[in-house]
Amino acid sequence: MFREMRRKKQALPIEECEAVLWRGTSGVLAVLGDGGYPYTVPLSYVYDGEKIFFHCAKTGHKLDAILRESKVSFCVLDVDQVVPAEYTTYYRSVVAFGRARVLEDVSEKRKALEKLAEKYSPELERGRSLEIDKQFAGVCMVEIQIEHLTGKEAIELVRQREINGN
């Protein structure tokens, strides 16, 4: 169902794909938007080792698209270094394909929101709890169940890994 990467040497091992998801702070969600047009939107997220979670408003283009078609992709760019002298960019990115669903269960929603808040405010536990309590009713939490995960990096980064023995 999912295509094999053409440049296999540049493919990231699954462990490195997951590491990119762990350390990333933002990504771009792609959904099937209005009129069959792709719709992409940058957003903050949290990865828990299995799923990706993000929050959104209870109404809007992104949510409408997800409710209409649950298949999504989510891209995280880990390295983006323009190298003018070489006429290239050193990059590393990961794309997750999966199905998105709105978390309706209050307990699931709260756990996901707590994970998200902890990622971005790790030292502010009390503040996180107060903010979650304040915003809880008005926020929507979405889970992406990953069905396929792939990553790729520039050939120059592959060569650097080989030199460094990684």
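Observations on the model:
- Cβ-Cβ distances below 9 Å connect the following pairs, each with a first residue in segment 139-166 that is farther than 19 Å from Val94 by Cα and modelled with pLDDT of 95 or more, a second residue that is assigned to a strand (DSSP E or B) and charged (D, E, K, R), and a separation of six or more residues or different chains: Val142/Arg101.
- When Val102, Val95, Val72, Val46 are screened for being in contact with a Lys or Arg (Cβ under 6 Å, 6 or more places away or on another chain) and surrounded by 13 or more Cβ atoms within 10 Å (Cβ to Cβ), only Val46 passes.
- The number of residues in segment 15-56 that are in contact with a Ser or Thr (Cβ under 9 Å, 6 or more places away or on another chain) and among the hydrophobic types (A, V, I, L, M, F, W, C) comes to 8.
- Scan of segment 44-59 for residues that are assigned to a loop (DSSP other than H, G, I, E, B) and either in contact with a strand residue (DSSP E or B) (Cβ under 8 Å, 6 or more places away or on another chain) or among the aliphatic types (A, V, I, L, M) (or both), ordered by number: Ser44, Tyr45, Glu50, Lys58
- If only residues of segment 81-107 that are touching a residue at least 12 places away in the same chain (Cβ under 8 Å) and among the charged types (D, E, K, R) are counted, the one that is nearest to Thr59 (Cα to Cα) is Arg101.
- Candidates Val31, Val72, Val79, Val41 - the one that is part of a strand (DSSP E or B), modelled with pLDDT under 95 and not acidic (Asp, Glu): Val79
- Filtered residue count, segment 53-76, keeping only those that are among the aliphatic types (A, V, I, L, M) and either over 18 Å from the mean Cα position of the chain (by Cα) or more than 19 Å from Leu113 (Cβ to Cβ) (or both): 4
- Test: Arg126 is basic (Lys, Arg) and modelled with pLDDT of 95 or more: no
- Pick from segment 109-138, criterion in contact (Cβ under 8 Å) with a residue 24 or more places away in the chain, surrounded by 15 or more Cβ atoms within 10 Å (Cβ to Cβ) and more than 26 Å from Arg92 (Cα to Cα), ranking: farthest from the chain's Cα centre (by Cα): Arg110
The values are calculated or read from the model by the stated rules, or taken from the named source; none is laboratory data. A quick note: this is a predicted structure, and the numbers were derived from the prediction, not measured. Note that we place each Cβ from the backbone using ideal geometry, even for glycine, and neighbour counts take in every protein chain shown.
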